[in-house]
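Report on one structure; see the data block that follows.
The values are calculated or read from the model by the stated rules, or taken from the named source; none is laboratory data. A quick note: this is a predicted structure, and the numbers were derived from the prediction, not measured. Note: ideal-geometry Cβ built from the backbone for every residue, glycine included; neighbour counts use all protein chains shown. The area values use the complete protein model at the heavy-atom level, side chains included, leaving out ligands, DNA and RNA. Shrake-Rupley method; radii C 1.70, N 1.55, O 1.52, S 1.80 Å.
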Amino acid sequence: TGISAFYLYDKFISGQQADMISETIVPFGSQAKVKLPDGTIVWLNSGSELRYDNSFGKNERKVSFSGEGYFEVTKNTNKPFMVHTNNVDIKVLGTVFNVNSYANETTVKVDLLEGKVDVSALAENGTLENKTLLPNEMLVYDKKLKKMSAGKSDAAKSAQWKTGKLTFDNVSMEKLLRNLERKYDVHFIIESKKIKSEMFTGSINLEQPLNEILEYIDVDKKFERIYDGRKVRICDKE
């Protein structure tokens, strides 16, 4: 577990000093655990950022977030806990949920493990759309279409990254490789024509070396991997 930066800085709005901001940035290849002033625990996955000002908990509990995080929110019925991302807002009183909101992904995904959450986002027609999730339900927001969809979820699997494991259900190999990029701090250059149509279902043990994971997901031995420092080229086998 490592943290790239944890620091305080002064923020100015309209020429006046505002509250100091606490910011946690987690680099690729690392994870972090943060305890907020109200006792809420947040696990941050690789490439995630969490911010809140020092008035947190006085009148409201609000954080800004990007990346992937697992939140165990301390219950306070008088002060809802708000998570603001670039695309969706999540409102809870006290609950456990996982949110995936990386900037380079086409969707935002919220999985609820315990309690209840309200999720809001801008719809295609410009109005604010709201949905409420109950345990083992998920919400996916398509950033391009500005559309929400909700359904059932094995929510516990969404948070397995905390324990060094990733579980996928019929996801594209491109998306799987983006997850591995963040975990292993590498960049994949996909030159394979076949890999774009490949789908993967299964679990990956992130305690293994990257080359062993790539061997495992290439079950039919279709691809060739060429390592160049932190770059990995994926090519079709001749």
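Here are some notes:
- Largest-first ordering by accessible area, 1.4 Å probe, given options Trp161, Trp43: Trp43, Trp161
- The length gained by stretching the chain between Gln208 and Lys231 to full extension, at 0.36 nm per residue less their Cα-Cα distance, is 6.5 nm.
- Entry note: the stretch 35-168 has Rg to Rh equal to 0.94, where both radii use alpha-carbon atoms and Rh is the Kirkwood radius.
- Where the alpha-carbon atoms of the stretch 114-238 are placed on the principal axes, they occupy 50, 33, 25 Å, in descending order.
- Shown here for the stretch 178-213: GluC sites (Glu not before Pro) in loop regions (DSSP other than H, G, I, E, B) with at most 10 other Cβ atoms within 10 Å, namely Glu207.
- Quotient of the Cα radius of gyration of the chain and 2.2 N^0.38 Å, N being its number of residues: 1.09.
- Here the extension length gained between Leu134 and Lys221 equals 27.2 nm, from 0.36 nm per residue of separation less the Cα-Cα distance.
- DSSP bridge pairs, the chain: antiparallel proportion in percent, nearest 5: 90
- Probe 1.4 Å - accessible area at Lys183, Å² to nearest ten: 50
- Taking N as the residue count of the stretch 96-177, its C-alpha radius of gyration divided by 2.2 N^0.38 Å amounts to 1.11.
- Accessible area (Å², 1.4 Å probe, nearest 10) - Thr95: 10
- Accessible surface of the stretch 43-132, 1.4 Å probe, proportion on carbon and sulfur as whole %: 42
- The stretch 22-63: Rg to Rh, with Rh as the Kirkwood radius over Cα pairs: 1.01
- Range of Cα positions in the stretch 35-106 per principal axis (Å), largest first: 35, 20, 19
- Taking all Cα pairs closer than 8 Å and separated by 6 or more residues, the relative contact order of the chain comes to 11 percent.
- Other residues with beta-carbon under 12 Å from the beta-carbon of Leu166 carry, at +1 per Lys or Arg and -1 per Asp or Glu, a net charge of +4.
- Average accessible area per residue (Å²) across the chain - probe 1.4 Å, nucleic acids and ligands excluded: 54
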